[in-house]
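The values are calculated or read from the model by the stated rules, or taken from the named source; none is laboratory data. All values reported here derive from a predicted model rather than from experimental measurement. A quick note on method: Cβ atoms are made from the backbone with ideal geometry, for glycine too, and the neighbour counts reach across all protein chains shown.
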């Protein structure tokens with residue numbers, strides 16, 4: 001599929017960090033993308049997608065301006081597959097790498113769908129802990145929140161959320177979200193967004209912002225983040 005964007009850059013984005021695979025390419029002001037659900041065999045899904053998106057008809061894309069990839073939080077094997085693909089593409093294209101948090105991808109998707117610029121994300125990571133973050137989008141379209149990402153106990157998350165106010169989207173673990181909504185303060189308004197899959201098309205606006213602000217990642221500095 002394709003949709004338009006008012007930026008003349010050629011950026012490739014890819015994600016296979018949880019239960020889906022997707023790739024996207026910004027080219028000539030348009031984003032082309034492919035998506036597939038998959039609980040396993042991510043490599044068998046994402047490699048044909050990359051080949052397909054880099055070769056549209058008889059045209060082979062042999063130059064791009066940047067490669068964006070999801071560094072997690074995600075599942076161990078699928079996050080490694082994403083990073084390995086990005087590393088291989090870097091060796092071929094020799095262009096800037098842009099590391100993007102999968103939580104930032106969720107926040108951008110919620111903005112695209114609901115235009116909510118304050119987002120709370122809660123993903124169950126272990127028996128008693130949740131990986132969580134709060135993301136905020138400013139008027140220039142820049143997201144802030146990577147530094148808030150951490151794995152903590154449920155009671156501490158509830159305490160921190162009750163220190164917030166205003167209108168927020170909240171997504172992730174349904175049981176915990178229901179408990180939070182039931183016990184929230186009156187000046188905190190929460191919209192429960194039911195998130196299912198990451199999508200590489202939502203990485204493109206983030207990648208544009210990071211590329212503009214020279215927030216790229218060296219190959220040796222790639223650090224994956226795992227949910228387990």
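Please determine whether any residue of the range 148-162 is more than 18 Å from residue 99 (Cα to Cα) and in a loop (DSSP other than H, G, I, E, B). Yes, there is a match, as at least one residue in the range 148-162 is more than 18 Å from residue 99 (Cα to Cα) and in a loop (DSSP other than H, G, I, E, B). Within the range 193-214, residues that are on the phi > 0 side of the Ramachandran plot sit with their Cβ atoms under 9 Å from residues that are part of a loop (DSSP other than H, G, I, E, B), at 6+ positions apart or across chains, in these pairs: 214/96.
When the residues of the range 1-22 are filtered to those that are part of a loop (DSSP other than H, G, I, E, B) and either at pLDDT 95 or above or within 14 Å of the chain's Cα centre (by Cα) (or both), the one that is surrounded by the fewest Cβ atoms within 10 Å (Cβ to Cβ) is 19. If you filter the range 206-228 down to residues that are out of contact with any strand residue (DSSP E or B) (no Cβ under 9 Å at 6 or more places or on another chain) and outside any loop (DSSP other than H, G, I, E, B), you find that the one that is surrounded by the most Cβ atoms within 10 Å (Cβ to Cβ) is 212.
Can you tell me which residue in the range 70-118 is nearest to the chain's Cα centre (by Cα), limited to those that are without any contact (Cβ under 8 Å) to a residue 24 or more places away in the chain and within 16 Å of residue 222 (Cα to Cα)? Once the filter is applied, the top-ranked residue is 84. Listed by position, the strands (runs of 3 or more DSSP E) inside the range 23-140 whose residues that are modelled with pLDDT under 95 number at least 1 are 30-37, 118-124, 129-137.
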